Structures are given as structure tokens and as C-alpha cells.
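What follows is a set of notes on a single structure, which appears directly below.
The values are calculated or read from the model by the stated rules, or taken from the named source; none is laboratory data. Just so we're clear, the structure is a prediction, and the values are computed from it rather than from any experiment. Virtual Cβ from ideal backbone geometry, glycine too; neighbours counted across all protein chains shown. These area figures cover heavy atoms from the full protein model, side chains too; ligands, DNA and RNA do not enter into them. Shrake-Rupley method; radii C 1.70, N 1.55, O 1.52, S 1.80 Å.
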Amino acid sequence: NAGVTQTPKFQVLKTGQSMTLQCAQDMNHNSMYWYRQDPGMGLRLIYYSASEGTTDKGEVPNGYNVSRLNKREFSLRLESAAPSQTSVYFCASSVSSDRGMFGGELFFGEGSRLTVL
Amino acid sequence: LAKTTQPISMDSYEGQEVNITCSHNNIATNDYITWYQQFPSQGPRFIIQGYKTKVTNEVASLFIPADRKSSTLSLPRVSLSDTAVYYCLVGDMRRLTGGGNKLTFGTGTQLKVEL
């Protein structure tokens, strides 16, 4: 059972370079999320996609763009990486929370460690 | 989104029961309380969720008093493998599609279990 798969697991970038973090889930979940985790800051929501075709900003969206490519895939793009974006990035998915369905559980990937020099 | 407050760290020994309390004074009527566990170099993992009174599963129990302004995660007979960060979240998952509450994790409680 793959669950939520993120690639790459590690990446080093130079300031100003661009890259895309890929995320795919095989649980037929409607909702997907991108978080970043920094020491002493917990996890902070960057963007989320409640369902295919929709995306919304989270707590810290600046410097990032996302694409919900299809129901399975949700990518996070850094157009011009900055040292402040050095972090561990987690993708997550959950069952749909529309139609009053309760989606209480987030399923996380193993993370992508990004270093921007 | 209801703000949560939990201890930064806790220490325990194997075989003991550990109770981690989370304060959420401004919890809303439709908010649920969810706890996650995170091991180093891994993503968080769902432990338990509840709305009121007591919820129990094979891993933990969650106690929520009548006023719902706090909750306590109880881990029975911890082992070394329970050493992790535990996060308390409060929010209404049903409103994510409407752009309402956006679930965020605080800094969590670092639990260290020793022999």
C-alpha cells in the first residue's frame, strides 16, 4: 500500500532556481495538502486542494504555486527558491469533506527535505 | 481556528501511563479534536479524534470534559517506541471545502520515553 508518495525525498537548490515537488496518492481521496515543517514552528499549511480542480491558499502561500493535476496528483512549485524556503515539505490527503462528510484523518507522505543555498 | 496550547515536552518511563493535555479555550461548536503522532523523519500519523466525553481505540484514549475547553490524550503503558511529537488539532474538517478552517499544527509535545 503506497498511500501518499512524494518525490524527491531530498533536493539542494541554489537561490533563484526553480523546482517542483510531486505528490501522488492512491487512496481515491478528494482533498490534498502541502505543509512545510521548520524547527520550532510545527507544520504550517501552504496550499490545499479540497477537490480536483480547486486550490486555496493556506497559512504561508507566498513564494509557492500549486497544481492539482488530477485527483491523484498535487504538485508544489517554487519558481525562484530562497533560503527561507529551506524546510521539510509534507504532502497529505484526506477523504472529501464536502456534502457534510466528516474527514478527520490526514494521511501524510514521508516528506521532502529541501535545502536552498 | 481554535488556538491550542500543549506542553512543549514530557518525559516518562516504559510501562507508565502518559497523559498529554491540550487547552483550546475558544473551541467552536462544530470543532472536533484530533491528535497526531510524528516520529523523526516521518510525516504525522493520525492517532485519535473526538467531539466530547471519551473516545478509545487500540492506541490511545481521548478524554474531553463537558465544556470542551481542553482535552487529554492518554497513552497506556508507553514503550520506547512511543517517543515522538504529539500534536493536538482543533477544527471543523467539514469546512475545508468552503475555505473555512484551515487545519494547522502547533509545535506539539515532545514525549521522551526512557527505560
**Q.** Heavy atoms of A:Ser51: accessible area, 1.4 Å probe, square angstrom to 10
**A.** 40 Å²
Q | Size of charge dipole - chain A - debye, nearest 20, with Cβ of Lys, Arg +1 and Asp, Glu -1, no other charges | A | 220 debye
Q: Name the most mobile residue of B:Ala84, B:Ala66, B:Ala28, meaning the one with the largest mean-square fluctuation, in a Gaussian network model of chain B with Cα contacts below 10 Å.
A: B:Ala66
Q: Taking trypsin sites (Lys or Arg not before Pro) as candidate sites, keep only those in a DSSP loop with at most 10 other Cβ atoms within 10 Å, then name the longest stretch of chain A containing none of them.
A: A:15-98
Q.
Taking each residue in B:38-44, count the Cβ atoms of any other chain within 10 Å of its Cβ, then average. What number comes out?
A. 6
